[in-house]
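Report on the following structure.
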């Protein structure tokens, strides 16, 4: 279930992670040979403006106050089925992730300042606070419109590192210097101006810190904004990827702030789906 945790932390729709596996990089390089045209010379401001327009426009995103994503994620391994999830986000900076595993419900909740998690699949029958690292990451990333929309208001500085081929597509490679002091990179398709890949926090695996990458796929329009519906995660040195599929998107559903406060464990247990034969 460690793979599940990686996906859970990656779920915020425009939050992401870094560097593909060697196998995946080789595949991208192979596909890159098929396209040799050089992207037009654009400034950072032009690239971001085209990206925001491709995703529905600044006015449309500023009108989004809540965002609900639901679907399934693959936990990895032959014994683990696709796990149903629901992710709710509300401005400013609130999020709630619920994942169902067999007869258990896991939660990650962030109220904009503090976060909590419930992880019954690890045998932890308690509500745990976010670690310092988890809280820092949530503060840096968990905004429903992603890192490029209104980036200056978020305190982010962006520079152009050049161009690069990602999975056979020419992209603009941007460096984001976040308000927190962290740095990320994002790759913007030179034709569609939608995201292809984005960096995030490395993860510890086999005793070593590994870079991770999420590739964005299958963008679709939803109530005036454009949202990726498939995320594919690669962990550096890993043998397989993990996919997350968004099946339903809801914009501006009413959300009470109590959804984002410290979870009540009794209510979490009561809401968990029951196995067959149990009342």
Next on the checklist: Quick check on my filter: what residues within the range 167-217 are surrounded by 23 or more Cβ atoms within 10 Å (Cβ to Cβ) and in contact with a helix residue (DSSP H, G or I) (Cβ under 6 Å, 6 or more places away or on another chain)?
Outcome noted: 172, 188
Item to check | Count of residues meeting criterion [in contact (Cβ under 8 Å) with a residue 12 or more places away in the chain and part of a helix (DSSP H, G or I)] in the range 119-132 | outcome: 3
Next on the checklist: I'd like to check something: does the range 149-157 contain any residue that is within 19 Å of residue 42 (Cα to Cα) and assigned to a strand (DSSP E or B)?
Outcome noted: yes
Next on the checklist: Just to verify a result, which residue in the range 236-279, among those that are over 24 Å from residue 118 (Cβ atoms), modelled with pLDDT under 85 and surrounded by 12 or more Cβ atoms within 10 Å (Cβ to Cβ), is nearest to the chain's Cα centre (by Cα)?
Outcome noted: 241
Item to check | the range 93-115: number of residues that are touching a residue at least 24 places away in the same chain (Cβ under 8 Å) and under 24 Å from residue 145 (Cβ atoms) | outcome: 13
Next on the checklist: Being free of Cβ contacts under 8 Å to residues at least 40 places away in the same chain and not in a loop (DSSP other than H, G, I, E, B) is the requirement here; does residue 135 meet it?
Outcome noted: yes
Next on the checklist: So, residue 222, is that one surrounded by 18 or more Cβ atoms within 10 Å (Cβ to Cβ) and more than 20 Å from residue 72 (Cα to Cα) or not?
Outcome noted: no
Checklist entry - So, in the range 111-142, of the ones that are closer than 21 Å to residue 199 by Cα and touching a strand residue (DSSP E or B) at 6+ places or on another chain (Cβ under 8 Å), which residue ends up surrounded by the fewest Cβ atoms within 10 Å (Cβ to Cβ)? => result 135
Item to check | Failed item in (1) surrounded by fewer than 18 Cβ atoms within 10 Å (Cβ to Cβ); (2) at negative phi; (3) at pLDDT 85 or above; (4) out of contact with any strand residue (DSSP E or B) (no Cβ under 6 Å at 6 or more places or on another chain), with residue 150 passing the rest | outcome: (2)
Next on the checklist: under 14 Å from the mean Cα position of the chain (by Cα), modelled with pLDDT of 95 or more, farther than 15 Å from residue 224 by Cα and surrounded by fewer than 19 Cβ atoms within 10 Å (Cβ to Cβ): is that true of residue 49 in this structure?
Outcome noted: no
Checklist entry - Taking the condition more than 13 Å from residue 224 (Cα to Cα) and at pLDDT below 95, does residue 33 pass? => result yes
Next on the checklist: So, residue 106, is that one crowded, with 20+ Cβ neighbours inside 10 Å, touching a helix residue (DSSP H, G or I) at 6+ places or on another chain (Cβ under 7 Å), at pLDDT below 65 and not in a helix (DSSP H, G or I) or not?
Outcome noted: no
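The values are calculated or read from the model by the stated rules, or taken from the named source; none is laboratory data. Here the structure is a predicted model, which is why all the values come from computation and not from measurement. Glycine gets a Cβ as well: all are built from the backbone with ideal geometry, and neighbour counts include every protein chain shown.
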